[in-house]
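See structure below.
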Amino acid sequence: MNPLGISLTGCLVPGLGHMILGLRKRGVALFLILTAMFLFGVTLHPDADNGGGFFGKYKKNIFKSYQGREAAFQQTDRGRDMEGPIDKAWRFVFIYGYPFFVGIFDYLAGYLWQGSEFVEAVLPYERSEIPVAAKDIGDCFALLAGLLNLLAIMDAYDLAVNRRTLEEAASSLEASA
Amino acid sequence: MISAGFALASLLLACLCIAAVYALISGQRPGRFGRELLVGFGLMVGGILVLAGVIELLPVIFGGA
């Protein structure tokens with residue numbers, strides 16, 4: 001498998017690129033940290049009354065694209081006018097790019113988790129009465145998990161490209177020790 | 001409204017997670033993970049405290065308060 005392919009496996013499961021490269025502990029640690037961050041984030045901002053939640057933040061997600069499009073048309077004219085090119089670009093990235101940033105596995109797990117009844121058991125608030133500040137903290141955690149996974153993907157690419165050099169350096173170190 | 005403790009704990013948890021990922025991908029030997037984690041965490045929390053202090057002091061320095 002070429003370095004790009006190895007690193008892009010991180011888009012499926014965080015840390016998978018490192019695991020393929022033989023760095024199992026590092027890969028597992030990345031997977032656990034990033035998954036925990038994402039799940040913590042969506043726990044603080046779960047779906048409430050079928051309209052909100054982290055996944056509905058930009059009115060639609062990849063699982064509800066048609067329903068989301070309907071919702072977008074139901075916005076007021078004023079709301080549509082206020083959406084500038086940066087908002088539109090960010091919405092596009094968030095809907096279509098973000099699942100790959102955070103890892104498809106995590107995105108799917110988070111989506112199933114936030115809709116489940118287990119969230120109520122963990123949350124200190126009622127699902128429909130979560131303070132806005134707590135929702136914002138949740139969004140920060142979930143977005144941060146995606147950005148950190150991008151760094152992990154880049155690290156896996158770097159390791160895959162320089163694998164031979166690193167192995168030679170390690171073996172020469174062992175030989176000299 | 002959320003409590004100050006919850007907000008502070010969230011901030012520290014986020015800093016810890018970022019520092020852990022940084023320590024994992026910084027290219028250091030596995031034995032130095034703890035040191036990298038502490039350095040990353042300290043720099044982040046310290047930087048936030050310094051920034052908060054500077055932002056609070058700005059009005060005093062420039063006479064806006």
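Annotations for the structure displayed:
- Taken residue by residue and averaged, Cβ atoms of other chains lying within 10 Å of the Cβ of B:13-25 number 6.
- Spin-label pair A:Leu147-A:Ala109: with each label point 7 Å from Cα along the Cα-Cβ axis, the two points sit 2.2 nm from one another.
- If R0 is 41 Å, the Cβ-Cβ spacing of A:Arg163 and B:Leu13 corresponds to a FRET efficiency of close to 0.75.
- The mean number of partner chain beta-carbon atoms within 10 angstrom of a residue's beta-carbon across peptide B:1-7 is 4.
- Take the Cα of A:Ala133, step 7 Å toward its Cβ, do the same at A:Lys25, and the gap between the two points is 4.0 nm.
- Taking label positions 7 Å along the Cα-Cβ direction at both B:Leu57 and A:Ser171, the computed distance is 5.5 nm, reported to one decimal.
- Accessible-area value, A:Thr165, 1.4 Å probe, nucleic acids and ligands omitted, Å²: 90 Å²
- 222 nm mean residue ellipticity, helices alone, for the protein assembly as shown (DSSP H n ≥ 4; -39,500 (n - 2.57); rounded to 500): -22500 deg cm²/dmol
The values are calculated or read from the model by the stated rules, or taken from the named source; none is laboratory data. All values reported here derive from a predicted model rather than from experimental measurement. Glycine also receives a Cβ, built like all others from the backbone with ideal geometry; neighbour counts cover every protein chain displayed. Only protein heavy atoms, including side chains, enter the accessible area calculation; ligands, DNA and RNA are left aside. Shrake-Rupley method; radii C 1.70, N 1.55, O 1.52, S 1.80 Å.
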